Amino acid sequence: MKFRVLAGFFVVMGLGIMIYLTYLHYANAQSFCDFSQEVSCDIVTTSIYSEVFGVPVSLLGIGFFIFLLVLLIFDKKESVFRTVFFLTVFMLIPSLYLTLIEAFEINSFCVLCETSKAMMIGILAVSCIAIRAHRLSLAFREIIPIIIAGILSVGIIFFAQSGGGTKKDYSEL
């Protein structure tokens, strides 16, 4: 029970962050964490990298955290932590890619975005400890396909955000 409560805490915190970031995205409001050019949630949340296929990344985060919350509340089996672990590994990979985008493309960091990643790492840690405590197996061979899927999702995000094609005008053809 203590693992569910602790994981639930991280999930609710992450969900709150994503709801706030989604509000900022749609309301065009200024965030409280606009500290400088290098540390600005506003710069990050208004960049072209804040959406994938026209959907705000924060809205995808809301879906992720709600799904985890539903799992933790309604799936009473202890094996739920394996599912939580694998889903979080999958979602953390594109999130880390977006941190690289913040560092090398946007040149500004969003404190809230990075805090949500900290919540995900907390969820990973709690679920890993719960898996061990309940003597459930977590084989390396099971994680590899999840990592590959996460890397593929990074590729999809990259092409969605970069346009994925040439910028040459072919209208005369």
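Which of the numbered conditions does LEU96 fail, given that it passes all the others? Conditions: (1) modelled with pLDDT under 90; (2) open to solvent by 30 Å² or more (accessible area, probe 1.4 Å); (3) of a type outside the set (D, E, K, R).
(1)
Considering only the stretch 95-102, I want to know if a residue exists there that is within 24 Å of GLY8 (Cα to Cα), among the polar types (S, T, N, Q) and more than 14 Å from the chain's Cα centre (by Cα).
No; the residues of the stretch 95-102 include none that is within 24 Å of GLY8 (Cα to Cα), among the polar types (S, T, N, Q) and more than 14 Å from the chain's Cα centre (by Cα).
Being under 11 Å from PHE3 (Cα atoms), in a helix (DSSP H, G or I) and open to solvent by 30 Å² or more (accessible area, probe 1.4 Å) is the filter here, so list the residues in the stretch 125-141 that pass it.
ALA125, CYS128, ILE129, ALA133
Residues to consider are GLU114, GLU78; find the one that is in contact with an Asp or Glu (Cβ under 9 Å, 6 or more places away or on another chain), charged (D, E, K, R) and open to solvent by 50 Å² or more (accessible area, probe 1.4 Å).
GLU114
Let me confirm something: among LEU24, LEU6, which residue is more than 13 Å from the chain's Cα centre (by Cα), crowded, with 19+ Cβ neighbours inside 10 Å and either at pLDDT 85 or above or more than 17 Å from ALA160 (Cβ to Cβ) (or both)?
Sole residue among the options that is more than 13 Å from the chain's Cα centre (by Cα), crowded, with 19+ Cβ neighbours inside 10 Å and either at pLDDT 85 or above or more than 17 Å from ALA160 (Cβ to Cβ) (or both): LEU24.
Given SER153, SER137, SER108, which one is closer than 26 Å to GLN37 by Cα and among the small types (Gly, Ala, Ser)?
Details: SER153 fails: closer than 26 Å to GLN37 by Cα; SER137 fails: closer than 26 Å to GLN37 by Cα.
So the residue among SER153, SER137, SER108 that is closer than 26 Å to GLN37 by Cα and among the small types (Gly, Ala, Ser) is SER108.
Residue check, LEU69 against (1) surrounded by fewer than 17 Cβ atoms within 10 Å (Cβ to Cβ); (2) touching a helix residue (DSSP H, G or I) at 6+ places or on another chain (Cβ under 6 Å); (3) modelled with pLDDT under 95, all met but one. Which one?
(3)
The values are calculated or read from the model by the stated rules, or taken from the named source; none is laboratory data. Just so it is clear, the structure is predicted and the values come from calculations on it, not from any experiment. With ideal geometry, Cβ positions are generated from the backbone for all residues, glycine too; neighbour counts draw on all protein chains shown. Accessible surface areas use protein heavy atoms only, side chains included; no ligands, DNA or RNA. Shrake-Rupley method; radii C 1.70, N 1.55, O 1.52, S 1.80 Å.
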